[in-house]
């Protein structure tokens with residue numbers, strides 16, 4: 001079924017929003033503004049410094065559904081003042097809006113352009129918004145149009161803002177009126193290609209947001225988990241091996257080493273042997289398995305996490321379950337794709353909490369997806385015949401400004417390697433011609449820079465691609481995850497209930 005043009009316009013506008021510099025909802029909350037007042041702000045700002053009058057409201061009310069109570073709310077909140085029978089933005093709110101719009105334009109301009117040109121698409125959009133039927137509603141918004149030299153995505157974003165002041169029927173009718181069937185077909189193809197490009201970039205932002213959400217989950221349950229670990233006499237790496245042994249079927253030392261490819265295999269072996277000596281893991285017939293003691297320890301760790309979640313009230317369960325379903329769909333599609341080796345994600349997926357809880361399900365799928373991210377990265381660096389220790393050292397030099405053995409070893413101290421191991425990894429990369437050494441520091445060589453560019457492109461392509469299964473649900477998924485992230489952030493600030501360990 002062919003998608004109507006008005007829906008393509010709306011899909012593209014929605015796809016641009018997650019790529020803005022700031023989350024609009026949070027930015028408005030921080031500025032003590034109600035989200036529902038944003039359209040009013042844009043209309044009033046568009047004709048600043050001329051006051052926004054009753055006549056203006058009557059002009060823009062029908063196409064935009066600007067409810068009058070939100071104008072009153074802006075006035076009561078001190079964001080407007082009266083002048084010459086109308087309303088004008090106060091200086092502080094005016095500055096906030098200018099800064100917000102400028103930051104969003106800068107963010108869009110920073111997005112790499114797609115491989116196809118956008119000039120024709122921009123020209124056709126501007127031809128549409130210069131039609132009198134659009135200009136009748138957007139003369140004040142036209143004052144906000146980006147300069148001719150602006151980034152194409154900035155122009156597209158603004159053009160869509162003007163175009164969508166029309167009804168769906170009017171947008172479709174106007175498009176059919178001004179363009180031939182051949183031009184419409186090309187316009188449709190250009191929008192579909194642009195959407196695919198934007199979805200790839202939303203996908204990359206989603207990985208960053210997943211990592212941030214994961215960190216907030218750790219902040220929420222970390223104290224309780226550490227209390228249980230301490231009571232059981234476990235170190236962090238002990239728990240890592242215990243979790244892997246629980247998730248692997250059957251648990252093997254080789255599987256643990258494969259599951260943690262960037263950790264020192266000798267350190268993992270040492271922990272494995274210690275857990276077997278303490279009766280946590282034991283050989284049963286042909287395979288190893290967790291003992292009753294091991295399973296009891298897992299239960300206590302999981303119960304500690306659940307005890308925190310079960311103190312949380314007011315969880316919007318319907319929204320969380322919908323978000324979980326979408327994220328789980330992405331995960332399942334990637335695991336089913338023979339193009340990827342997803343051993344890590346498949347293993348992490350089996351680390352299920354014993355009792356279902358909305359936040360527990362979300363923490364689980366976030367962990368699963370981050371394991372998938374590591375799998376997709378590993379697929380790339382292993383194809384270049386790099387070891388885990390070489391990959392992490394190379395990546396830190398390339399992206400995080402670390403240039404010495406001591407800096408790298410300090411950053412990765414939880415991996416179980418010594419500084420000497422990283423020194424050997426850097427020597428190996430030097431011998432491959434990917435690094436150079438001067439002034440007692442390591443830097444990427446010209447060959448190393450080329451390798452890094454290709455590696456980054458391959459990783460980004462894979463990371464962005466897995467999200468395309470969500471299609472036009474992707475922007476809403478991003479916004480839903482942002483909402484969850486802010487919700488967890490607020491919970492982290494509250495006192496944590498630490499369970500007792502039986």
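The values are calculated or read from the model by the stated rules, or taken from the named source; none is laboratory data. Since we're looking at a predicted model, the values are computed, not measured. Here Cβ is always computed from backbone atoms with ideal geometry, including for glycine, and neighbour counts include all displayed protein chains.
Quick rundown of the values:
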{"item": "The stretch 345-363: number of residues that are part of a helix (DSSP H, G or I) and surrounded by fewer than 22 Cβ atoms within 10 Å (Cβ to Cβ)", "result": "4"}
{"item": "Residues of the stretch 1-23 satisfying the condition of being closer than 25 Å to residue 73 by Cα and exposed (fewer than 15 other Cβ atoms within 10 Å of the Cβ)", "result": "22"}
{"item": "Residue in the stretch 381-411 that is nearest to the chain's Cα centre (by Cα), counting only those that are surrounded by fewer than 19 Cβ atoms within 10 Å (Cβ to Cβ), free of Cβ contacts under 8 Å to residues at least 12 places away in the same chain and assigned to a loop (DSSP other than H, G, I, E, B)", "result": "400"}
{"item": "Checklist (1) out of contact with any strand residue (DSSP E or B) (no Cβ under 9 Å at 6 or more places or on another chain); (2) more than 18 Å from residue 118 (Cα to Cα); (3) in the same structural domain as residue 110 (by TED's automatic domain parsing) applied to residue 146, failing item", "result": "(2)"}
{"item": "Residue in the stretch 143-158 that is surrounded by fewer than 16 Cβ atoms within 10 Å (Cβ to Cβ), touching a residue at least 12 places away in the same chain (Cβ under 8 Å) and farther than 30 Å from residue 297 by Cα present", "result": "yes"}
{"item": "Some residue of the stretch 448-467 being touching a helix residue (DSSP H, G or I) at 6+ places or on another chain (Cβ under 8 Å), more than 29 Å from residue 205 (Cβ to Cβ), in contact (Cβ under 8 Å) with a residue 24 or more places away in the chain and buried (at least 17 other Cβ atoms within 10 Å of the Cβ)", "result": "no"}
{"item": "Test: residue in the stretch 4-11 that is modelled with pLDDT under 80 and either more than 23 Å from the chain's Cα centre (by Cα) or within 23 Å of residue 154 (Cβ to Cβ) (or both)", "result": "no"}
{"item": "Pair list, Cβ < 6 Å and 6+ apart or interchain, from the stretch 161-173 residues that are touching a residue at least 12 places away in the same chain (Cβ under 8 Å) to residues that are surrounded by fewer than 18 Cβ atoms within 10 Å (Cβ to Cβ) and part of a loop (DSSP other than H, G, I, E, B)", "result": "172/4"}
{"item": "Cβ-Cβ under 7 Å pairs, at least 6 apart or on other chains, the stretch 332-356 side without any contact (Cβ under 8 Å) to a residue 40 or more places away in the chain and in the same structural domain as residue 240 (by TED's automatic domain parsing), far side part of a loop (DSSP other than H, G, I, E, B) and crowded, with 21+ Cβ neighbours inside 10 Å", "result": "335/342"}
{"item": "Selection status of residue 314, surrounded by fewer than 18 Cβ atoms within 10 Å (Cβ to Cβ), in the same structural domain as residue 370 (by TED's automatic domain parsing) and part of a loop (DSSP other than H, G, I, E, B)", "result": "yes"}
{"item": "Set 261, 265, 236: member being loosely packed, with under 15 Cβ neighbours inside 10 Å and assigned by TED's automatic domain parsing to the domain that holds residue 362", "result": "236"}
{"item": "Helices (runs of 4 or more DSSP H) wholly inside the stretch 1-117 that include at least 2 residues being without any contact (Cβ under 8 Å) to a residue 40 or more places away in the chain", "result": "24-30, 38-46, 54-64, 68-76, 91-109"}
{"item": "Test for residue 175: is it more than 30 Å from residue 98 (Cβ to Cβ) and crowded, with 19+ Cβ neighbours inside 10 Å", "result": "yes"}
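Residues checked against (1) under 25 Å from residue 366 (Cβ atoms); (2) touching a residue at least 24 places away in the same chain (Cβ under 8 Å):
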| position | (1), (2) |
| --- | --- |
| 220 | yes, yes |
| 241 | yes, yes |
| 250 | no, yes |
| 255 | yes, yes |
| 258 | yes, yes |
| 269 | no, no |
| 276 | no, no |
| 307 | yes, yes |
| 324 | yes, yes |
